[in-house]
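Following: one structure in structure tokens, then a few remarks.
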């Protein structure tokens, strides 16, 4: 389906925010992703949905390779071929009354849509974000505008709690976890709290909709495709 | 009204478009995008005797005009396919099914063929002797005429349906292998499988794929596939299904002009889930432009 790029702005040295206009009703849950067709590249690029309305999709992405470099150069007005509503996303019915949403670096964006959805459902989420340093922080205002508590952890202590997200978790009261970020962080979070948890994983993908078996992983519930059966796995099924 | 129908060893297809094995699962992932009954047939995910997880990830790498994959024949095993995947596919698909079979020994191929040939709606058997992503099986059988002939003879003894042998392009002389299969009784041939390739991640200074090498597919291999189909159809009398980078209706017509009786669409499905639908819709339009009334009238140039 075609979407129009209406905004593409830089948030930090390496992180950008892209807004697309078009039918977003294919997105049914926070934590889903889209597949962008970029000119000059064969495979689509999977990017998690930060937040969405009926007719806009916000993507926040980090420039890490040639594909995302090309994305950062795209000018508003461009028509883009996008597959939306991919992946299972987070199940808010598995979140308690006080869910802790943990985003590590560029794992933070999907926590925005999840936070909004949980607030709309009358729950009281806390967003915990982990970065290396204060200069890397993004989306803090977005969370605070929604009325949710934003807790920050930086490795060098230049903002918020000094240390890892697992250090900051100790002082937060929560009954469930939803998280996205680098795998070592996911594992540390998994080991830090035995509450109901949903963990969003990343894998290099081919199609993004379950056909190619490029992103398979083993779980306690059998083989799963990160793109179709994930990217969100529940605590009980994860094999580290 | 343009006539798109073709025939493969007595099996009539409404059109020559067959999604290639490994790019279409068992059809279920494409149901949200279109009615898969518009297809000519469907070659399902390569099936082995036992369930296989396949290779470690990353299994996918970007390439100019294509991609690498090193999936390694992940599949739930032939018994699970018969008990679960085929009944599910039959609920939504009424066209002839092409069963894609792989293995690590002659006995394994024979076992899978014995089971799948009995299945209703499986009207064609495609025996993959060309997977580049597994060791000690797959491509090992497809790189020598003797081994290719041995597999062909063995599966033909137990097959009650036409057998198409899927050939590897990673050989010095594909024609000699094609002829060996024909002489051993193959009803047809499918070519080409992916071309063995590799990418290196410059930052990590390591291969992109966990399995180091993988199969290159996509528009980049189309001229090679076309050349091989042309060479093989000039040397054998049995029908050939052409594949390798086909992405448009024009590619389909070109492949049929090279001698293919039908075609498979592979990588294109993965970057555009509507690829087969678009090709099928565009075929009559391209035929009109080229003055073709009946697709099966296309002769090898």
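Looking only at the stretch A:143-166, count every residue that is part of a helix (DSSP H, G or I), free of Cβ contacts under 8 Å to residues at least 40 places away in the same chain and surrounded by 15 or more Cβ atoms within 10 Å (Cβ to Cβ) and tell me the total.
Here the count works out to 2.
What residue, among those in the stretch B:18-37 that are within 11 Å of chain A (Cβ to nearest Cβ) and not in a loop (DSSP other than H, G, I, E, B), is nearest to the chain's Cα centre (by Cα)?
B:19
Can residue B:247 be described as buried (at least 16 other Cβ atoms within 10 Å of the Cβ), part of a strand (DSSP E or B) and in contact with a strand residue (DSSP E or B) (Cβ under 8 Å, 6 or more places away or on another chain)?
Considered against the rule, which asks whether it is buried (at least 16 other Cβ atoms within 10 Å of the Cβ), part of a strand (DSSP E or B) and in contact with a strand residue (DSSP E or B) (Cβ under 8 Å, 6 or more places away or on another chain), residue B:247 comes out as no.
Just to be sure I understand, how many residues within the stretch B:195-211 are in contact (Cβ under 8 Å) with a residue 60 or more places away in the chain, assigned to a loop (DSSP other than H, G, I, E, B) and surrounded by fewer than 24 Cβ atoms within 10 Å (Cβ to Cβ)?
4
In this structure, does residue B:40 turn out to be in contact with a helix residue (DSSP H, G or I) (Cβ under 6 Å, 6 or more places away or on another chain), in contact (Cβ under 8 Å) with a residue 40 or more places away in the chain and more than 14 Å from every other protein chain (Cβ to nearest Cβ)?
Taking the combined requirement at face value, the residue does not satisfy it.
Would you tally the residues in the stretch B:47-64 being under 24 Å from residue B:114 (Cα atoms), within 10 Å of chain A (Cβ to nearest Cβ) and crowded, with 19+ Cβ neighbours inside 10 Å?
2
Out of the stretch A:28-52, which residues are part of a loop (DSSP other than H, G, I, E, B), closer than 21 Å to residue A:115 by Cβ and either free of Cβ contacts under 8 Å to residues at least 12 places away in the same chain or more than 14 Å from chain B (Cβ to nearest Cβ) (or both)?
Residues satisfying the conditions are A:29, A:30, A:31.
Please go through (1) within 12 Å of chain B (Cβ to nearest Cβ); (2) in contact (Cβ under 8 Å) with a residue 24 or more places away in the chain; (3) touching a strand residue (DSSP E or B) at 6+ places or on another chain (Cβ under 7 Å) for residue A:66 and return the number of the only condition it doesn't satisfy.
Of the numbered conditions (1) within 12 Å of chain B (Cβ to nearest Cβ); (2) in contact (Cβ under 8 Å) with a residue 24 or more places away in the chain; (3) touching a strand residue (DSSP E or B) at 6+ places or on another chain (Cβ under 7 Å), the odd one out for residue A:66 is (3).
One residue is enough: does the stretch A:72-91 have a residue meeting the conditions at pLDDT 95 or above, under 24 Å from residue A:189 (Cα atoms), in contact with a strand residue (DSSP E or B) (Cβ under 6 Å, 6 or more places away or on another chain) and not in a loop (DSSP other than H, G, I, E, B)?
Checked the stretch A:72-91: no residue is at pLDDT 95 or above, under 24 Å from residue A:189 (Cα atoms), in contact with a strand residue (DSSP E or B) (Cβ under 6 Å, 6 or more places away or on another chain) and not in a loop (DSSP other than H, G, I, E, B).
Count, please, the residues in the stretch B:212-244 that happen to be assigned to a strand (DSSP E or B) and in contact with a helix residue (DSSP H, G or I) (Cβ under 7 Å, 6 or more places away or on another chain).
Counting residues in the stretch B:212-244 that are assigned to a strand (DSSP E or B) and in contact with a helix residue (DSSP H, G or I) (Cβ under 7 Å, 6 or more places away or on another chain) gives 4.
Can you find, within the stretch B:168-194, the residue that is farthest from residue B:228 (Cα to Cα) among those that are within 13 Å of the chain's Cα centre (by Cα) and touching a residue at least 40 places away in the same chain (Cβ under 8 Å)?
The selected residue is B:188.
How many residues does the stretch B:66-107 hold that are part of a helix (DSSP H, G or I), surrounded by fewer than 19 Cβ atoms within 10 Å (Cβ to Cβ) and either within 14 Å of chain A (Cβ to nearest Cβ) or touching a helix residue (DSSP H, G or I) at 6+ places or on another chain (Cβ under 9 Å) (or both)?
Of the residues in that region, 8 qualify.
The values are calculated or read from the model by the stated rules, or taken from the named source; none is laboratory data. This structure is a prediction, so every number in the text was calculated from the model and none was measured. Reconstructed Cβ throughout: ideal geometry from the backbone, glycine too, with neighbour counts over all protein chains shown.
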